[in-house]
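Here is the structure we will look at, set down as structure tokens.
Derivation of every value follows stated rules applied to the coordinates shown; laboratory data play no part. Here the structure is a predicted model, which is why all the values come from computation and not from measurement. FYI the Cβ positions are ideal-geometry reconstructions off the backbone, even for glycines, and counts take in every protein chain you see.
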Amino acid sequence: MRKVGLDVRAHKECDWLNSDVEDDIWIPDVTAKGWIIFSSDKRISMDPVNVRAVLESKAQVIMTSDNNRLPEFWGAAFIVGRLKILEVLNNNPGPVFIRISHCTGEHVRIVRQTITHPQLAPKTIERKAIRGKQENLPDFGHIKF
């Protein structure tokens with residue numbers, strides 16, 4: 001995220017913030033600095049004490065939908081969704097909890113491929129699908145990675 005110009009700080013990088021301090025203590029401190037909280041820790045949105053800290057400090061909290069992925073994955077999801085995230089943050093000054101989920105591919109799609117590139121219209125191949133149905137899938141054999 002830093003490599004694309006975002007000003008981010010990991011919890012452990014804040015020397016003024018003891019890493020063992022409870023969430024309800026650091027949430028108001030971080031919010032007072034004008035920072036947005038980006039976390040996969042569900043306790044921030046589930047624990048009543050933490051929720052109260054978010055409400056009282058008017059924090060803006062972006063929560064990941066799961067915590068089983070690498071930080072680089074969530075950084076990429078944040079970068080891809082940054083314009084929508086910024087819109088949501090601007091429209092909801094806090095307190096607010098925002099959930100970011102993994103990219104499902106909806107942000108990449110072909111629009112009118114046969115009109116713009118008729119010679120590249122995908123060939124189809126037959127493939128057995130789950131539950132015995134047949135479906136046509138594009139043949140991407142001509143693309144080399």
In nanometres, what is the gap between the two model label sites at residue 43 and residue 21, each 7 Å from Cα along Cα-to-Cβ? 1.5
Which length gain, in nm to one decimal place, applies between residue 14 and residue 76 when the Cα-Cα distance is subtracted from 0.36 nm times their residue separation? 20.0 nm
In order over segment 40-50: 3J(HN,Hα) from phi, Karplus 6.51/-1.76/1.60, θ = phi - 60°, whole Hz, x for each Gly or Pro, gives 9, 7, 5, 4, 5, 9, 10, 6, x, 5, 5
Calculated FRET value between residue 3 and residue 88, using beta carbons and R₀ = 25 Å, to 0.05: 0.60
Hz values of 3J(HN,Hα) by residue in segment 79-86 - Karplus curve (6.51, -1.76, 1.60), Gly and Pro given as x: 4, 4, x, 4, 5, 5, 4, 4
Normalised contact order of segment 2-100, rounded percent, pairs of Cα under 8 Å and 6 or more residues apart: 27
Of all GluC sites (Glu not before Pro) in segment 1-80, which ones are in loop regions per DSSP and have a Cβ with at most 14 other Cβ atoms within 10 Å? 22
Amide H neighbours of residue 62 at under 5 Å, excluding residues fewer than 5 places away on the same chain, with H built from the backbone geometry, are 37, 38, 39, 98
